[in-house]
Structures are given as C-alpha cells and as structure tokens.
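Contents: one structure, followed by commentary.
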Amino acid sequence: MTQASIQPNFWETKSLREMSKAEWESLCDGCGKCCCIRLEDEDDGAIYVTNLSCKLLCTQKAQCSDYTNRKSIVPDCVQITPEKAATLKWMPKTCAYRLIAHGEPLPDYHHLISGSRQTIHDVGMSVAGAVTSEVEVPDGEQYKYITQWPGEDEI
C-alpha cells in the first residue's frame, strides 16, 4: 500500500464504502480484539469475549500470521466489510471500522492520528501479549477465559 493512494484524513471525509482498498486496510488499528474467540450462551444468546485468540493470531504482536489466506484456513473468520462494521454487535467498541461507521472520531492512540502503529500497544488497547491461542486450551475450557478488554463494555 502506498501513501500516494491514501488521502490525508480520508476517514473524516469518506464513508467506509467510498474508501479505496488501501484506505480501508489502513483503517484497521491492529488491536487484535476482533480475533478473540467469542462464546454465545445457548439459553439467552448473550455473547462473551475471551482472551483466547484465533489460531492465526500472533499473540505477541496481535497480527494475523496469514492474513491473505485466513478465510481458507479459518472458515468462520468474519471478514469485516463496510456493511458489517456498523451492524456486528460483537465488534469491539474501540474498533476504528465501527467508530467510523457510527460517525465517531478515531482515538488519539490510533496510528493514523499518532503516526505510530506502536501507540495502540503502548496504551494497552490491544491484545498483544495478553491472549492465549485457542489451540492451547482443551475443548470445554474456553469459558474460563471470559474477559473484558479495556475500552469495552458489555456487548
């Protein structure tokens, strides 16, 4: 992605649908929260977030280890689209896609504001170093990892 294809402050002037592919991809804040496993209560439909990550998430960097092929490796990986950004209730409240979809500003720690992709990690708003890969947890034990991330309230 080249900076020439990304207009300055594009997120303030364009809707998610109007963004170029490069602009769309650059909007991701790199927190990794969307890659955390969620559990749904079969009785009441409540959704609980865990500190268990998808098997493809690098737990130390909060980055997908195979972003290009993620859907073929993890078929239930949800690809975020402009339509989904505004409607998926489980999306992190701090997610840049969700914020922009709802007309809210990017936080100061977002790399497009701060100028550094490290800022989100420095302020503790990412899951880097705070998650366990789902492959390390036996079936039936996932509920022990229910958590609430900073900046999030109940889903």
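Numerical summary
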item	result
Interchain or long-range residues, amide H under 5 Å from residue 37's placed H	50, 52, 53, 54
Most positive-pole-ward Cα, 49, 116, 140, against dipole of the stretch 24-155 from beta carbon charges	116
About the Cα centre, charge dipole magnitude for the stretch 87-148 (Lys/Arg +1, Asp/Glu -1 at Cβ), debye	260 debye
Residue-wise HN-Hα coupling along the stretch 96-105, computed from phi with Karplus coefficients 6.51, -1.76, 1.60 (Hz; x: Gly, Pro)	4, 4, 5, 4, 5, 4, 9, x, 9, x
Qualifying GluC sites (Glu not before Pro) in the stretch 119-155, DSSP loop, other Cβ atoms within 10 Å at most 12	141, 154
Residue 58 long-range amide H proximity, modeled H, under 5 Å	63, 64, 65
Computed over the chain, Cα set: Rg, Dmax in Å	15.7, 51
Mean Cα-pair separation over length for the stretch 31-145, i.e. relative contact order, pairs under 8 Å, 6 or more apart, %	34 percent
For the stretch 139-144, 3J(HN,Hα) per residue [Karplus equation, 6.51 cos²θ - 1.76 cosθ + 1.60, θ = phi - 60°, Hz, x = Gly/Pro]	3, x, 9, 4, 4, 5
The chain - mean residue ellipticity at 222 nm from DSSP helices (-39,500 (n - 2.57) per run, n ≥ 4, rounded to 500)	-4000 deg cm²/dmol
Cleavage-rule hits, trypsin sites (Lys or Arg not before Pro), the stretch 56-155, DSSP coil, Cβ neighbours within 10 Å at most 12	89
Least to most buried among 122, 29 (fewest other Cβ within 10 Å first)	122, 29
Of 37, 101, 91, farthest towards positive along the dipole that unit charges on Lys, Arg, Asp, Glu beta carbons give the stretch 31-145	101
³J(HN,Hα) computed for each position of the stretch 65-72 - Karplus, 6.51 cos²θ - 1.76 cosθ + 1.60, integer Hz, glycine/proline x	7, 8, 3, 4, 9, 4, 5, 7
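Throughout, read-outs are computed from the coordinates displayed, never taken from laboratory work. No experiment lies behind these values; they were computed from the predicted model shown. Ideal geometry is used to build each Cβ from the backbone, glycine not excepted, and the neighbour counts take in all protein chains shown.
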